[in-house]
Amino acid sequence: MAFDKTALNTWFHQFPLLKKIVSLEPVVWLNPNHLSKSEMDSLPVTRDDIDEAAALWDRFAPYIALAFPETRETNGIVESPLRLIATMKNELNSRYVAQIDGELFLKCDNELPIAGSIKARGGVYEVLYYAEQLALEAGLIQQDEDYSVFCHEKFTSFFKQFTIGVGSTGNLGLSIGIIAAKLGFNVSVYMSSDAKQWKKDLLRAKGAAVIEFAGDFGEAIFAGREQTKLNPKGYFVDDENSRHLFLGYSVAALRLEEQLALEKVKVDRDHPLFVYLPCGVGGSPGGIAFGLRQVFGDHVHCFFVEPTHSPAVLIGLLTGEKEKVCVQDFCIDNITEGDGLAVGRSSSFASSISEKTISGMYTLEDDELFKLLALLADSEGIQVEPSAASGLLGPLNMISTDYLNEHQLKEKNATHIVWATGGSLVPREDMDLFYEKGIELLNKNL
Ligand SMILES: *Cc1c(COP(=O)(O)O)cnc(C)c1O
């Protein structure tokens, strides 16, 4: 245990919500440190950083279109659809006896090309960034040239001398492994024992080395970081502290701005936007929330979601200790079926920013993940993995707080976006099991 009893007792006294969190009760937390848009200049990232990240994606689009034919239709732009889920909204209203005001959309990152999850944003971006840096330094390319040459043997054999390492519960490993191997890098994915077999098999099939660890995610990251650093040509993608991952994710905000405009959805004083983001280390929701706050200012309200057994970011933000505390310090077991959410400690880079940008967080039980994914499958015919369903309770949880009153948002024309973070690479049999489990739980509760 990293903290003595006195520190723990002080926190329990100072933050009554902590007792519920430690007892694994689902909770809703509103962030008292939320900054207004005008105060966001103090953050270590800016709107310019997002625009630069977007420009890098654009430079690589011709390469992506060639290397990943599924992106040809979008000309190599890695993006997911935004879908109205009105039937699901009705389903939620009747099941939970609630009244969600405004429209409900699903941001379908479960359909993202290359990696089938939200990691196709951050993970792919960080590897592209590194590849570009190496190629620029070696004089192989200039930024105004056509990047489809990254497919050429000259590039892939150049990248062979470099090794990329990553520690992952699964989806990050998939995205890094797939893009790095495609570019020609040696890539080693350090996985925790709870990672699914199909993910390991898929990675090996794509040409990545998979190294397994008996412990949890934290240990896989630690070992991966140490071993990669021993190699002078090694580069470690560090989920616990990465500016690049964060910026890769943030570009989603610019894309969403365009999609909302196409849907004729307004975001302003009278049309608040609520966004619910599943949270592991906090990198993907942090990057996206930061981007959204840059784009929509004080009219967007972002909420993170964690499983009751893995409230790493919640405990970090509530106590203000961020990455200095982990759930195990509070005797929470960090065991959840939500792949990508089984994280005991938050990303230091991301949490220092999310501390200022987000409106709040909530936790939910694993059973709820399965029920929600089954409801979504039945009502909309959309299949997502358990983690990705967690945001669907967002509108209901938010209504249950004083948030709307405190911010004078009652009676406004709200739009809710639930970020569905993964699913399309999950094998059929696994997805069927998730669904059946959800149906069973739903029937039990009738
Ligand atoms: C990684 C992941 C998340 C959370 O992202 P973090 O950057 O770890 O917070 C959520 N859902 C899925 C499916 C993921 O793979």
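What the table below lists for this structure:
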read-out: Globularity index of region 192-267, i.e. its alpha-carbon radius of gyration over 2.2 N^0.38 Å; value: 1.57
read-out: Accessible area, probe 1.4 Å, largest first, for residues His34, His416; value: His34, His416
read-out: Relative contact order %, region 119-245, counting alpha carbon pairs below 8 Å whose residues are six or more apart; value: 28
read-out: Fraction of alpha-carbon pairs over 39 Å apart in the chain - percent; value: 16
read-out: Surrounding net charge for Asp367, when Lys and Arg each add one and Asp and Glu each subtract one, Cβ distance under 13 Å; value: -2
read-out: Probe 1.4 Å, accessible area per residue of the chain, Å²; value: 40
read-out: Extended-chain gain in nm, criterion 0.36 nm per residue less alpha-carbon gap, Glu70 and Arg269; value: 67.8 nm
read-out: Using distinct alpha-carbon pairs, which all enter the 1/r mean, Kirkwood radius of region 119-245 in Å; value: 14.6
read-out: Normalised contact order of the chain, rounded percent, pairs of Cα under 8 Å and 6 or more residues apart; value: 20
read-out: Surface share of carbon and sulfur [accessible, 1.4 angstrom probe, percent] for the chain; value: 49
read-out: Ordering of 318-327, 289-298 by packing [mean C-beta count within 10 Å, highest first]; value: 289-298, 318-327
read-out: Restricting region 387-431 to GluC sites (Glu not before Pro) in coil, as DSSP defines it, with at most 15 other Cβ within 10 Å; value: Glu411
read-out: Over the chain: helical MRE at 222 nm, DSSP H runs n ≥ 4 each giving -39500 (n - 2.57), nearest 500; value: -14000 deg cm²/dmol
read-out: Distance histogram for region 49-166 (every C-alpha pair counted, 10 angstrom bins, percent rounded to whole numbers); value: 12, 34, 27, 13, 9, 5, 0
read-out: Candidates per GluC sites (Glu not before Pro) in region 77-179, loop by DSSP, up to 15 other Cβ within 10 Å; value: Glu145
read-out: Environment charge at Gln294 (Cβ cut-off 15 Å; Lys +1, Arg +1, Asp -1, Glu -1); value: -4
read-out: Probe 1.4 Å - accessible area at Met88, Å² to nearest ten; value: 0
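The values are calculated or read from the model by the stated rules, or taken from the named source; none is laboratory data. Bear in mind the structure is a predicted one, so any value in this text is a computation, not a measurement. Every residue, glycine as well, gets a Cβ built from its backbone with ideal geometry; the counts of neighbours run over all protein chains shown. With ligands, DNA and RNA removed, areas are computed over all heavy atoms of the protein, side chains included. Shrake-Rupley method; radii C 1.70, N 1.55, O 1.52, S 1.80 Å.
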